[in-house]
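**Student:** Submitted below is the structure of interest, expressed as structure tokens.
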Amino acid sequence: MSAETKSGSSNLVSTVISCILSLVIFATMRFYSSWITATQMNTIVGGFIGSWLFVFALTAVSNMEMLVFGHDFQAKFIPEIVTCLTLATVASGVVHRVCATTCVFFCICALYFVNRISNKYHNKGSIATDQIPIRRGGGKKNK
């Protein structure tokens, strides 16, 4: 199996699993909406659960785009992230308004950590410019 086929199949599996988990989280939020709206702490937990909906939806969208457009394709802020954030906020807002507000906060925190993890694992090929030794002068060093 080539590396391209392995990454393609792993992107497909990740897309399917992320879609399923997104649907499970949305259904769970709707099923337990009376429990989520019961206390103030539960509404905050509902926003946290909504942020997981955001993470899984963003993972599904990003992996689907990597399947369609190639392995080097990255999710951008305007179409993908804003759409998934809106989806998660609306899904949380259906349960309770405070869930929508806390969902936005938790989504921003989750996006920060997802970005850190992504940069850690996908930017290994780049070397910082301060680590590259700069050679000045064209002559030989041996004298």
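Every number in this text was worked out from the coordinates using simple rules, so none of it is lab data. Computed from a predicted model, the values in this text were never measured in an experiment. FYI the Cβ positions are ideal-geometry reconstructions off the backbone, even for glycines, and counts take in every protein chain you see.
**Student:** Between Leu23 and Cys109, what is the label-to-label distance in nm when each label sits 7 Å out along the Cα-to-Cβ direction?
**Tutor:** In this crude spin-label approximation the distance works out to 3.0 nm.
**Student:** For Leu58, what charge total do you get from the other residues with a beta carbon under 11 Å from its beta carbon, if Lys and Arg give +1 and Asp and Glu give -1?
**Tutor:** On the way: positive: none; negative: Glu65, Glu80.
Charge balance in the 11 Å sphere: -2.
**Student:** Continuing with the same structure: To the nearest µm²/s, what D does Stokes-Einstein give for the stretch 14-132 at 4 °C and 1.567 mPa s, using the Kirkwood radius over alpha carbon pairs as Rh?
**Tutor:** Answer, rounded: 85 µm²/s.
**Student:** Using only alpha carbon pairs under 8 Å that are at least six residues apart, calculate the relative contact order of the stretch 3-122 and give it in whole percent.
**Tutor:** Relative contact order here is 32 percent.
**Student:** Return the distance in nm (one decimal) between the two label points of a simple spin-label model at His71 and Val13, each offset 7 Å from Cα along Cα→Cβ.
**Tutor:** Here the modelled spin labels are 1.6 nm apart.
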